[in-house]
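Have a look at the structure below, then the notes.
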Amino acid sequence: MLFFLIRMDFKGKDIISIKDFSKKEIDYILDYAKDMVRYAMGEKYKNVLGGKVLSSLFFEPSTRTRLSFESAMNRLGGRVIGFSDPSGTSQKKGESLADTIRMADSYSDAIVVRHPHEGAARLAAEFAEVPVLNAGDGAGRHPTQCLLDLFTIRTEKKKIKKNKIVLLGDLKYGRTVHSLAYALSLYGAELTFVSPASLKMPNEVINECKELGIEPTYTSNIEKAIKDADVLYVTRIQRERFPDAEEYNRVVGAYKIDNNLLKNGKENLIVMHPLPRVTEINPEVDTTPHAIYFKQAFNGVPVRMALLSLVIGGKL
Amino acid sequence: MKKELKIPRIKDGTVIDHITAGNAVKVLHILGIPKSSSSTVSVAMNVKSKLGKKDIVKVENRELDPHEVNKIALIAPKASINFIRDYAVTKKHKVKLPDEIIGIVSCSNPTCVSNAKEPVKSRFIVISKDPPRIKCYYCEREPEDIADKII
Ligand SMILES: [Zn+2]
């Protein structure tokens, strides 16, 4: 038991990449997040991080991630300083990220950072004494999104293992979907990748899944893929990935999720999306029991509460 | 003139042998030679050997630090280092790539934070020693052509 307690000491730990964590550690975070749900809803309150200050540094806007981090800190009794986009900050005047981090380090007990450059959070962690939480670095990692996705599947399906999970959309450029494929493989989920041919999952990610004992299947046919699926994870296909509007419209049209398509799926199929969505999911799906994406967005709060409490060192 | 006289034997110093053909100049660049020393340096390129063509570098009157020389394993994984005293090889070992490569290779990812104006040196984790494969510590990308990315 003592060994367990020592191993699960997250105080001062940076949250940079999902790959920095073992399955046991992820389980521990998800269990703790479950305890946080009623606090995240405001039904209960405990001053877990009273007197603590979080720096929330968003060098590019990301409304959902920022608001859920800030809500998480406030729900725990802590306070937030920072900025939501870099215009008007000294960064705009040419200050390095390293210097901004040094400053935030001396003003706060933890730093959340979102930055357009890949590897920015890893760099931030080098210059900060306090723990750094990566809220997305360019096309790079986004570990809290990955954790909340895992949390959502576990909450809705009781477990992650053995679920048939379809990852749909832009599987090539979206690195968050790469981390998710890795993490789901770690848990032994069955994976199917559905994407247009030009946006296929890269081989290095498929190899990572294989190293974890998972043989993902690939298809471009969404109707077939969702027949026996338990989870359909939809990602956005970005216009800028296509040479012309016509090709883009054709692809987006082919992968649009609506009630007619979902008739092919199981009754308890859940549909997830990291949001914001544009046209990938028809709003008519919102009112069906399949739609989990708004719950998923809420889950960002208890998961981030669990992380903040663990790394800053407050107890529920 | 006999073949072996193309590059003269040295009395004292260091010989780096079995450098991947064509990479001798890059090897010197990595080692900061001749800038960091006033020693005589001779370079032989495309020397025929049993294992095909190779490059050789000889640095007179100076024993290079093996830790320094190990960095060249990035572009010359088969190279060996020979220390020479009084025309005889006193020590010989193969280069061994260190676990981390700092400040020698730049990241090929233009949006990597290590390519932004930040006060850090490039940093790579070695994921395979031979053939050399490295991964950026910051963005986790692998450069396709390491030699091309030597700073
Ligand atoms: Zn990089």
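None of the figures in this text is laboratory data; all of them are computed from the coordinates on show. Worth saying up front: this structure is predicted, and the values here are computed from it rather than measured. A quick note on method: Cβ atoms are made from the backbone with ideal geometry, for glycine too, and the neighbour counts reach across all protein chains shown.
Structure data summary
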quantity: Average beta-carbon neighbours from other chains, 10 Å sphere, peptide A:107-120; calculated: 4
quantity: Amide hydrogen neighbours beyond the local backbone of residue B:123, cut-off 5 Å, H modeled; calculated: B:103, B:137, B:138
quantity: Under-5 Å amide H pairs with residue A:15, H placed in peptide plane, nonlocal only; calculated: A:132, A:133, A:134
quantity: Relative contact order (%) - region B:4-122, alpha-carbon pairs under 8 angstrom, separation at least six; calculated: 29
quantity: Alpha-carbon Debye profile of region A:135-187, log10 I(q)/I(0) at 0.17, 0.24, 0.27 Å⁻¹; calculated: -0.52, -0.97, -1.14
quantity: Among A:200-213, A:50-63, A:136-149, the order from most to least packed when residues are scored by Cβ within 10 Å on average; calculated: A:136-149, A:50-63, A:200-213
quantity: Positive-end residue, region B:13-94 charge dipole about Cα centroid, Cβ charges, pick of B:64, B:83, B:45; calculated: B:45
quantity: Gap separating the Cα centres of region A:174-214 and region A:95-111, nearest whole Å; calculated: 34
quantity: Extended-chain gain in nm, criterion 0.36 nm per residue less alpha-carbon gap, residue A:126 and residue A:294; calculated: 57.0 nm
quantity: Distance in nm between pseudo-label sites at residue A:107 and residue A:219 (7 Å out along the Cβ direction from Cα); calculated: 5.2
quantity: Antiparallel bridges, percent of DSSP beta bridges restricted to chain A (to nearest 5); calculated: 0
quantity: Counted charge near residue A:276, where neighbours are those whose Cβ lies closer than 11 Å (Asp, Glu -1; Lys, Arg +1); calculated: +2
quantity: Ellipticity estimate at 222 nm from DSSP helix runs (n ≥ 4, -39,500 (n - 2.57)) divided over chain A, nearest 500; calculated: -12500 deg cm²/dmol
quantity: Net lengthening on full extension, residue B:50/residue B:25 (0.36 nm per residue, minus Cα-Cα); calculated: 6.8 nm
quantity: Shape category assigned to region B:13-94 from the gyration tensor of Cα positions, a/c cut at 1.5; calculated: rounded
quantity: Between 0 and 90°, nearest 10: helix A:97-107 axis offset from chain A longest Cα axis; calculated: 50
quantity: Anchor residue B:94: aspartates and glutamates whose Cα lies under 16 Å away (excluding residues fewer than 8 positions away in-chain); calculated: B:17, B:55, B:63, B:65, B:68, B:130
quantity: Cα→Cβ-extended label distance, 7 Å offset, between residue B:38 and residue B:144, nm; calculated: 4.6
quantity: Dipole of chain A, positive end: most advanced residue of A:207, A:40, A:167 [Cβ charges, Cα centre]; calculated: A:40
quantity: C-alpha long axis of helix A:245-254 to longest principal axis of chain A, angle in °; calculated: 80
quantity: More than 28 Å apart - percent of Cα-Cα pairs taken over chain B; calculated: 24
quantity: Reachable lysines from residue A:315, criterion Cα separation under 16 angstrom, eight or more residues apart if same chain; calculated: A:11, A:13, A:34, A:44, A:46, A:52
quantity: Charged-residue dipole, Cβ positions (Lys, Arg, Asp, Glu), the protein assembly as shown about Cα centre, Debye nearest 20; calculated: 1180
quantity: Share of alpha-carbon pairs per 20 Å distance bin for chain A, given as whole %; calculated: 32, 57, 10, 0
quantity: Principal-axis tilt of helix A:175-186 within chain A, Cα atoms, nearest 10 degrees; calculated: 80
quantity: For residue B:133, distant residues with modelled amide H under 5 Å away; calculated: B:127, B:128
quantity: Equivalent-ellipsoid semi-axes of region B:100-149, from the Cα gyration tensor, Å, largest first; calculated: 18, 11, 9
quantity: Segment residue A:266-residue A:278, extension gain: residue separation times 0.36 nm, minus the distance between their alpha carbons; calculated: 1.9 nm
quantity: Region B:42-86: C-alpha gyration tensor shape, a/c 1.5 cut-off, then a/b vs b/c; calculated: oblate
quantity: Separation in nanometres of the label points that stand 7 Å from Cα toward Cβ, at residue A:85 and residue A:22; calculated: 4.4
